[in-house]
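Chemist: Would you mind keeping the following structure in view while I ask a few things?
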Amino acid sequence: HHNLVFSKNENISINELLEFIKSKLNEKLNLAFRMVHDFEELAINKATPLPFAESVPQILKDHQISSAILTNNSRNSVEKYLNMDKFSYLHQFGEIYTRDDVAKMKPHPDGIELIIRKNNLNKKNVLYVGDSKIDSKACFNAGIKFVLVNTRNLDVNDFQQKPFMILSDLREIKSLLT
């Protein structure tokens with residue numbers, strides 16, 4: 001820790017002071033990013049796909065439904081997931097959007113709005129399938145319907161908005177399409 005004490009006699013410019021502060025902030029920011037990176041590295045090794053997730057891309061393709069993935073993970077982490085056999089099915093989805101693609105990540109609607117804009121979609125025709133309260137809140141903030149895959153038995157009473165539909169697992173995704 002550095003304690004800064006400036007006396008009236010010191011001849012330091014405001015620019016020098018601001019540069020010093022900026023360098024200290026950058027050090028802290030870099031440390032924070034390293035911590036997030038290390039956390040994500042641990043999470044990658046522990047991650048498992050949702051049950052029946054590997055069947056979803058083919059179901060969507062059979063019904064001629066386009067898809068995208070939106071994650072709060074970094075692009076670097078997503079690349080690692082894509083190279084793991086247990087997540088190889090992710091290549092079959094459309095574009096993958098990460099926190100690196102938007103100014104603000106979920107629950108902010110930036111990612112959803114980016115997908116809608118890039119694919120020229122009508123919000124009324126967009127259905128977001130997710131498994132968390134953050135996903136639900138992002139959908140609420142973006143004004144689109146949210147389908148909860150409730151494999152973790154979340155209490156939907158805690159959600160800002162009730163899900164459009166609740167699935168117990170991804171096998172039930174077919175019921176959305178009939």
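Chemist: Distance in nm between label sites at Leu31 and Asn11, each 7 Å beyond Cα in the beta-carbon direction?
Modeler: For the pair Leu31/Asn11, the computed spacing is 3.4 nm.
Chemist: Where Lys and Arg each count +1 and Asp and Glu each count -1, what net charge lies around Lys123 among other residues with Cβ under 12 Å from its Cβ?
Modeler: Details: positive: Arg117, Lys124, Lys145; negative: Glu113.
Around Lys123, the surrounding residues sum to +2.
Chemist: For region 38-51, take each phi angle, set θ = phi - 60°, evaluate the Karplus expression 6.51 cos²θ - 1.76 cosθ + 1.60, and give the result in whole Hz per residue in order, putting x for glycine and proline.
Modeler: With the stated coefficients, region 38-51 comes to 4, 4, 5, 4, 5, 5, 4, 5, 8, 5, 9, x, 4, x Hz.
Chemist: Another question, then. Return, for the Cα atoms of region 17-99, the radius of gyration and Dmax in Å, separated by a comma.
Modeler: Just the Cα atoms of region 17-99 yield Rg and Dmax of 17.7, 62 Å.
Chemist: Sticking with this one: Once the dipole of the chain is set up with Lys and Arg at +1 and Asp and Glu at -1 on Cβ about the Cα centre, which of Met84, Asn153, Leu18 lies farthest towards its positive end?
Modeler: Towards the positive end, the residue furthest out is Asn153.
Chemist: List every residue whose amide H lies under 5 Å from the amide H of Leu127, counting only residues 5 or more places away in sequence or on a different chain, with H placed 1.01 Å from N in the peptide plane.
Modeler: Here nothing satisfies the definition.
Chemist: Normalised by the number of residues in the chain, what is the relative contact order in percent for Cα pairs under 8 Å and 6+ residues apart?
Modeler: Contact order relative to length: 16 percent.
Chemist: What is the log10 of I(q)/I(0) for the chain, computed with the Debye formula using one identical point scatterer on each Cα and no solvent, at q = 0.09, 0.12, 0.18 Å⁻¹?
Modeler: Calculated log10 I(q)/I(0) at the listed q: -0.43, -0.66, -1.29.
Chemist: Taking the full set of protein chains and a 1.4 angstrom probe, give the accessible area of His63 in square angstrom, rounded to the nearest 10.
Modeler: Accessible surface of His63 is approximately 80 Å².
Chemist: Another question about this same structure. Do any trypsin sites (Lys or Arg not before Pro) in region 39-118 lie in a DSSP loop with no more than 12 other beta carbon atoms within 10 Å, and if so, which?
Modeler: Answer in residue order: Lys104.
Chemist: If you don't mind, another one. Quick one: which residues, 5 or more positions from Ile96 or on another chain, have an amide H under 5 Å from its amide H? H modelled 1.01 Å from N in the peptide plane, none for Pro or chain starts.
Modeler: Residues meeting the criterion, in which the H sits 1.01 Å from N, are Ile69.
Chemist: Next question, about the same structure. Ordered by residue, what ³J(HN,Hα) values in Hz, to whole numbers, does region 55-64 give under the Karplus form 6.51 cos²θ - 1.76 cosθ + 1.60, where θ = phi - 60° and Gly and Pro are x?
Modeler: Each residue's phi maps through the Karplus curve to give 8, 4, x, 5, 4, 5, 4, 4, 9, 6 Hz.
Chemist: Exceeding 24 Å between C-alpha atoms, which entries from my cross-link table qualify? They are Lys22/Lys118; Lys106/Lys145; Lys61/Lys133; Lys86/Lys124; Lys118/Lys145.
Modeler: Lys22/Lys118; Lys61/Lys133; Lys86/Lys124, as the Cα separations exceed 24 Å there.
Chemist: For region 141-154, just list the computed ³J(HN,Hα) in residue order, Karplus coefficients 6.51, -1.76 and 1.60, θ = phi - 60°, integers in Hz, with x standing in for Gly and Pro.
Modeler: 5, 8, x, 10, 6, 10, 10, 8, 9, 8, 6, 9, 6, 5
Chemist: Report the label-to-label distance for Glu54 and Leu18 in nanometres (one decimal), using points 7 Å from each Cα along the Cα→Cβ vector.
Modeler: 5.6
Chemist: Rg and Dmax of region 54-129 over Cα atoms: what are they, in angstrom?
Modeler: My reading of the Cα-based Rg and Dmax gives 12.8, 35 Å.
Chemist: Between region 13-87 and region 132-178, how many Å separate their Cα centres?
Modeler: Spelled out, the Cα-based centre of one part sits 22 Å from the other.
Chemist: What 222 nm value per residue comes from the helices of the chain, counting each DSSP H run with n ≥ 4 as -39,500 (n - 2.57) and dividing by all residues, nearest 500 deg cm²/dmol?
Modeler: -12000 deg cm²/dmol, from helical runs alone.
The values are calculated or read from the model by the stated rules, or taken from the named source; none is laboratory data. The structure displayed is predicted, hence computed values, not measured ones. Ideal geometry is used to build each Cβ from the backbone, glycine not excepted, and the neighbour counts take in all protein chains shown. Note: areas computed on protein heavy atoms with side chains; ligands, DNA, RNA excluded. Shrake-Rupley method; radii C 1.70, N 1.55, O 1.52, S 1.80 Å.
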